[in-house]
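Read-outs throughout are calculated quantities, based only on the coordinates presented, and are distinct from any laboratory measurement. Values in this document were obtained by computation on a predicted structure and should not be read as measured data. With ideal geometry, Cβ positions are generated from the backbone for all residues, glycine too; neighbour counts draw on all protein chains shown.
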Amino acid sequence: MSNAVDGGPAAEQSASLPKVVVVAAPKGGVGKSTLTMGLLVSARQAGYVAVGVGMDPQNSLQRWSSFREQQRSTPQGADLVNVPVTSLNVHDYRRLRAMTGCDLVVVDTLPGVGEAINSVISLCELADLVLIPTSSSPMDVDQVVPFRKNVAGNKSWFVLNSANRRTRSFQKAKFGMQAAGRVCPIEIPKLEAIPDQFLRGLTVSDKSEAGCEDFGALWNFVRYELGLAGRSQAA
């Protein structure tokens, strides 16, 4: 992983250490990569030099980035913001703080922790902010509550993903998580358009599709929590 990051001309590169956001969960399929992609695009659109770091062995973030570069090479995708993505082993988490030339690093972690539990705990301690995505499924909630307590720590927020606010399970999950930790006030709804964009290297924020307001609100929440000042919009 290179220390220097080419963020392009859209935003002034930062000489200070970047803010680090870790997106972590005790299991796969809860929206880690989706949240990471949405935050990266929203940050770049807001004028920040944001870099994605993929630690998931499935390489979801890296594959999305490859699809995105293909899109950006076409006339239809010429206006897409550049989102640099690199790979890093979770055990090398200390290298995140050595990255220069960017304002923000968003880390898509491996599903669960397994034998890497000590490195994941240390990664969360290093982070400025930890987001724990989860559905409202009782099985998912049952796992994220102890994950926050034992792994993610006090810098973490639960983020309800694929949320249906009208269901009883959603309200029950939200109340249960509020008793165990902090719950992000922004929920990401369950929309077909969100996963459908993956193979195109896009997010719903790229084309102002349904759900883009929710990701924009999540980015504003993250920006506020990190204490990042406003920037001019990326070209």
Cα-Cα longer than 23 Å, checked against Lys32/Lys155; Lys32/Lys207; Lys19/Lys190; Lys19/Lys172; Lys172/Lys207; Lys27/Lys207, kept in input order, equals Lys19/Lys190; Lys19/Lys172; Lys172/Lys207; Lys27/Lys207
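What per residue convex hull volume, in Å³, comes out for the chain when only alpha-carbon positions are used?
Values: hull volume 26.0 nm³, N = 235.
Given the Cα convex hull of the chain, per-residue volume reads 111 Å³.
Ranked by Cβ crowding within 10 angstrom, fewest neighbours first, how are Ile186, Ile121, Ile132, Ile194 ordered?
Numbers: Ile186 19, Ile121 15, Ile132 30, Ile194 24.
Ascending number of Cβ neighbours within 10 Å: Ile121, Ile186, Ile194, Ile132.
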Distance from segment 24-100 to segment 112-159 (C-alpha centre basis), Å
19
In order over segment 83-99: 3J(HN,Hα) from phi, Karplus 6.51/-1.76/1.60, θ = phi - 60°, whole Hz, x for each Gly or Pro, gives 10, x, 9, 9, 10, 7, 6, 4, 6, 9, 4, 4, 5, 4, 6, 8, 6
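Please arrange Tyr93, Tyr224 by counting, for each residue, the other beta carbons lying within 10 Å of its beta carbon, fewest first. Can you show the working numbers first?
Values: Tyr93 24, Tyr224 9.
In order of increasing Cβ crowding within 10 Å: Tyr224, Tyr93.
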List the aspartates and glutamates whose Cα sits under 16 Å from the Cα of Lys149, skipping any in the same chain fewer than 8 residues away.
Glu125, Asp140
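What is segment 19-223's relative contact order, in percent, from Cα pairs under 8 angstrom and six or more apart in sequence? Intermediate values should be presented prior to the final figure.
Details: 374 pairs, mean separation 55.8, N = 205.
Worked out over segment 19-223, it gives 27 percent.
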Highest average packing first - 134-145, 164-175, 74-85, Cβ atoms within 10 Å:
134-145, 74-85, 164-175
Can you work out the PRE-style zone for Ser87? Point 7 Å along Cα to Cβ, and I want the residues of segment 23-67 with backbone N under 14 Å.
53-66
